[in-house]
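Visitor: The structure that follows is given in the form of structure tokens.
The values are calculated or read from the model by the stated rules, or taken from the named source; none is laboratory data. This structure is a prediction, so every number in the text was calculated from the model and none was measured. Positions of Cβ are generated from backbone atoms using ideal geometry, with glycine treated the same way; all protein chains shown enter the neighbour counts. To get the accessible areas, we keep the full protein, side chains included, count just its heavy atoms, and leave off ligands, DNA and RNA. Shrake-Rupley method; radii C 1.70, N 1.55, O 1.52, S 1.80 Å.
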Amino acid sequence: KQHIGTETKHYMTIISALFFGFISALIGIFPPGLINMTAAKVKIKEGKRAALWFVVGALLIIVLQVCLAILFAQFIGERPQVVVLLREIGCGIFTLLTIYFLAIAKPPKKVKGKIKKQRTSTRFFLGMLLSALNFFPIPYYVVVSLSLASFGFFVFEPFSIFVFVLGSELGSFLVFYTYISFFSTIENKTDFFMQNMNKIIGSITGVVALITLFNIINYYWN
């Protein structure tokens with residue numbers, strides 16, 4: 001029975017790693033940004049094939065960024081005193097980000113411009129370049145993986161890490177593919193997201209700040 005219980009727990013950990021990797025990617029990439037909007041523009045100007053090559057290039061860099069973030073999170077996670085400190089720092093940072101996005105930041109302006117016809121290989125490297133210039137995934141996945149590990153939904157083991165990265169790649173691809181396939185349908189709605197992006201991000205960081213604060217209070221209370 002103990003063996004069965006351990007095996008079941010192992011499978012649940014793997015499933016949760018895949019699920020939360022997928023959900024984390026959806027939350028992190030879904031708001032209109034440089035990469036997904038560029039993918040949509042490439043599809044409109046050059047076709048779906050070129051856009052998919054662009055996405056493949058972006059996903060390749062995202063894999064490296066998520067792996068780097070998890071390795072850094074594992075290093076931090078092995079030092080409990082650092083974890084507590086980072087939770088407190090993270091709570092402060094997310095609180096400041098919430099205040100910034102909800103009260104200070106101005107709505108982003110819609111980017112205009114035409115995309116010239118290029119070879120698919122060029123689009124592949126463009127996807128890699130734009131993804132490499134986006135440093136957000138590294139701190140984002142550090143916080144996500146540490147938070148999941150603190151609640152027991154993720155463990156820093158090779159296969160679990162692989163499954164989490166796989167989930168994040170699947171979630172990222174789904175978002176990119178949605179923008180590529182349905183951009184013409186949601187094009188008018190993207191203006192709403194662009195104008196309200198700060199509120200959306202501010203709400204997300206506010207929820208994360210509250211969860212982190214609860215975690216800190218629970219740690220000191222116990």
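Visitor: Considering the stretch 101-137 alone, what residues qualify as being touching a Ser or Thr at 6+ places or on another chain (Cβ under 7 Å) and either modelled with pLDDT of 80 or more or open to solvent by 100 Å² or more (accessible area, probe 1.4 Å) (or both)?
Guide: Across the stretch 101-137, the qualifying residue is only LEU130.
Visitor: Tally time: how many residues in the stretch 44-93 are closer than 22 Å to LEU213 by Cα, surrounded by fewer than 17 Cβ atoms within 10 Å (Cβ to Cβ) and among the small types (Gly, Ala, Ser)?
Guide: 1
Visitor: Could you please find all residues in the stretch 160-194 being open to solvent by 70 Å² or more (accessible area, probe 1.4 Å) and at pLDDT below 65?
Guide: SER184, THR185, GLU187, ASN188, LYS189, PHE192
Visitor: Quick check: anything in the stretch 79-86 modelled with pLDDT of 90 or more and within 24 Å of PRO158 (Cα to Cα)?
Guide: No; the residues of the stretch 79-86 include none that is modelled with pLDDT of 90 or more and within 24 Å of PRO158 (Cα to Cα).
Visitor: Considering every residue within the stretch 72-81, establish whether at least one is touching a Phe, Trp or Tyr at 6+ places or on another chain (Cβ under 9 Å) and closer than 18 Å to ILE180 by Cα.
Guide: For the stretch 72-81, residues touching a Phe, Trp or Tyr at 6+ places or on another chain (Cβ under 9 Å) and closer than 18 Å to ILE180 by Cα: absent.
Visitor: Still on this structure: Look at the stretch 158-174 and say how many of its residues are without any contact (Cβ under 8 Å) to a residue 12 or more places away in the chain and closer than 11 Å to THR13 by Cβ.
Guide: 0
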